[in-house]
Amino acid sequence: MNLTFFNQFTSPQIMGVPLIMLALLAPSAMFQTQNNRWLTNRLSLLQLWMINLFTKQLMSPISKTGYQWSIILTSLMIMLLMINLLGLLPYTFTPTTQLSMNMGLAIPMWLATVLTGLRNQPTASLGHLLPEGTPNLLTPILIIIETISLFIRPLALGVRLTANLTAGHLLIQLTSTATFTLLPTMPTLSMLTMVVLLLLSILELAVAMIQAYVFVLLLSLYLQENT
Amino acid sequence: MADRPVPLKDTRLPDVKLGQLPSWLATRDFTPSGLTRAVRRGYDSYLNKYINVKKGGIGGIAMVLFGYVVVSYIWNYEHLTMQVAALDLDSAAGTTFPDEGI
């Protein structure tokens with residue numbers, strides 16, 4: 001079998017059960033669901049504080065009718081955050097490196113925002129295709145361009161997440177392989193390990209990736225529901 | 001301590017003797033609801049022992065994450081040995097250009 005650097009992204013299986021199932025269920029184990037006490041433990045406190053902060057930040061520009069989206073957006077954010085962070089641990093599998101999964105998240109969400117806008121305020125959402133103040137001659141061209149940009153959105157959402165995570169993991173594997181094979185020749189080793197460490201800290205920006213994802217999702221919802 | 005013999009069905013796993021293990025396993029119910037109840041019991045007991053305490057530390061989640069890493073390693077084992085073999089055969093030129101997609 002041709003062994004390339006992309007082999008790390010194949011979903012390993014044991015007895016027919018792919019690791020992706022465990023990797024998708026793992027984030028749910030980190031969050032405590034029900035606590036009958038008034039004062040919970042430290043972990044729950046931290047998590048609840050973060051979730052509240054994030055939800056308030058996310059939902060503040062949206063109008064009241066859009067608040068129904070708060071639970072799905074927050075849970076999406078938490079899921080992607082945990083999946084990406086858990087993928088940074090050694091030997092783990094990151095489901096969001098699979099384009100299929102990210103498109104499966106991006107396309108339905110985007111389509112829901114578009115259909116919501118078209119159903120509730122069709123004139124306003126069609127009006128978004130033409131920015132204000134354009135010269136009359138440019139109108140046909142601009143509508144075509146805006147329609148194309150509207151349809152590119154789910155593709156961009158899915159591919160952005162996939163490409164960022166895949167590139168990060170690949171870079172880490174590349175630099176660590178280089179470090180390992182250059183081990184006999186000492187002087188370059190220390191510099192390369194420093195590069196690996198730097199790369200790992202840059203990869204913590206996977207966290208920022210999620211912010212980008214949900215913020216873009218938010219942006220499209222925002223445009224639809226707020227005129 | 002052992003004043004009255006407890007039926008095998010009701011003993012907990014740490015109290016089961018090694019020879020009784022197969023018969024003890026036979027008394028457990030492996031129906032879906034039984035399995036979910038068992039998983040729930042394990043989850044709740046871990047939660048209450050390590051996380052749901054007044055001054056929980058990092059040990060609670062650190063153990064979970066380490067266990068996750070170990071399980072991932074086991075799941076990945078043959079894939080990893082294949083990669084190690086490829087790295088050992090040709091040390092410097094162990095890679096080819098990726099010509100297949102993701």
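The values are calculated or read from the model by the stated rules, or taken from the named source; none is laboratory data. Remember, it's a predicted structure, so these values are computed and weren't measured experimentally. Note that each Cβ is placed from the backbone with ideal geometry, even for glycine, and that neighbours are counted across all protein chains shown. Keep in mind that these areas ignore ligands, DNA and RNA; they rest on the heavy atoms of the full protein, side chains included. Shrake-Rupley method; radii C 1.70, N 1.55, O 1.52, S 1.80 Å.
Scanning region B:3-44 for residues that are within 14 Å of chain A (Cβ to nearest Cβ) and open to solvent by less than 70 Å² (accessible area, probe 1.4 Å) yields B:42, B:43, B:44. The residues listed here are A:94, A:116; of these, the one that is of a type in the set (Val, Ile, Thr) and over 30 Å from residue A:171 (Cβ atoms) is A:116.
Selection of region A:42-60 for residues being modelled with pLDDT under 85 and over 19 Å from the mean Cα position of the chain (by Cα) yields only A:60.
So if I check each of A:89, A:105, which one is on the phi < 0 side of the Ramachandran plot and either crowded, with 17+ Cβ neighbours inside 10 Å or away from every other protein chain (no Cβ under 14 Å) (or both)? It would help to see each step written out before you state the result.
Working: A:89 fails: either crowded, with 17+ Cβ neighbours inside 10 Å or away from every other protein chain (no Cβ under 14 Å) (or both).
The conditions single out A:105.
Based on this model, can you work out whether residue A:20 counts as β-branched (Val, Ile, Thr), assigned to a helix (DSSP H, G or I), farther than 30 Å from residue B:54 by Cα and within 11 Å of another protein chain (Cβ to nearest Cβ)? First the steps, then the outcome.
Numbers: β-branched (Val, Ile, Thr): yes; assigned to a helix (DSSP H, G or I): yes; farther than 30 Å from residue B:54 by Cα: yes; within 11 Å of another protein chain (Cβ to nearest Cβ): yes.
Against the criterion (β-branched (Val, Ile, Thr), assigned to a helix (DSSP H, G or I), farther than 30 Å from residue B:54 by Cα and within 11 Å of another protein chain (Cβ to nearest Cβ)), residue A:20 qualifies.
Take the conditions over 30 Å from residue B:71 (Cβ atoms) and among the aromatic types (Phe, Trp, Tyr) and apply them to residue A:91. Does it pass? Steps first, answer last, please.
Working: over 30 Å from residue B:71 (Cβ atoms): no; among the aromatic types (Phe, Trp, Tyr): yes.
No; evaluated as a whole, the condition is false for this residue.
Screening residue A:137 against (1) farther than 30 Å from residue A:63 by Cβ; (2) touching a helix residue (DSSP H, G or I) at 6+ places or on another chain (Cβ under 8 Å); (3) open to solvent by 60 Å² or more (accessible area, probe 1.4 Å); (4) of a type outside the set (Phe, Trp, Tyr) leaves a single unmet condition, (2). Checking the stated criteria, residue B:66 turns out not to satisfy the condition of being at pLDDT below 75, under 27 Å from residue A:93 (Cα atoms) and open to solvent by 90 Å² or more (accessible area, probe 1.4 Å).
Got a sec? Which of B:61, B:51 is modelled with pLDDT of 75 or more, in contact with a helix residue (DSSP H, G or I) (Cβ under 6 Å, 6 or more places away or on another chain) and either surrounded by 10 or more Cβ atoms within 10 Å (Cβ to Cβ) or away from chain A (no Cβ under 14 Å) (or both)?
After ruling out the rest, the residue left standing is B:51.
Assess whether residue A:82 counts as being touching a helix residue (DSSP H, G or I) at 6+ places or on another chain (Cβ under 8 Å), under 25 Å from residue A:22 (Cβ atoms) and within 14 Å of chain B (Cβ to nearest Cβ).
Numbers: touching a helix residue (DSSP H, G or I) at 6+ places or on another chain (Cβ under 8 Å): yes; under 25 Å from residue A:22 (Cβ atoms): yes; within 14 Å of chain B (Cβ to nearest Cβ): yes.
Yes, satisfied.
May I ask you to say which residue of A:58, A:53, A:43 is within 14 Å of chain B (Cβ to nearest Cβ) and in a helix (DSSP H, G or I)?
Values: A:58 fails: within 14 Å of chain B (Cβ to nearest Cβ); A:53 fails: within 14 Å of chain B (Cβ to nearest Cβ).
The unique qualifying residue is A:43.
Under the condition of being surrounded by fewer than 18 Cβ atoms within 10 Å (Cβ to Cβ) and polar (S, T, N, Q), the residues counted in region A:71-86 number 2.
Yes/no per residue for (1) at pLDDT below 85; (2) assigned to a helix (DSSP H, G or I); (3) farther than 21 Å from residue B:73 by Cα:
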| residue | (1), (2), (3) |
| --- | --- |
| A:36 | yes, no, yes |
| A:70 | yes, yes, yes |
| A:100 | no, yes, yes |
| A:105 | no, yes, yes |
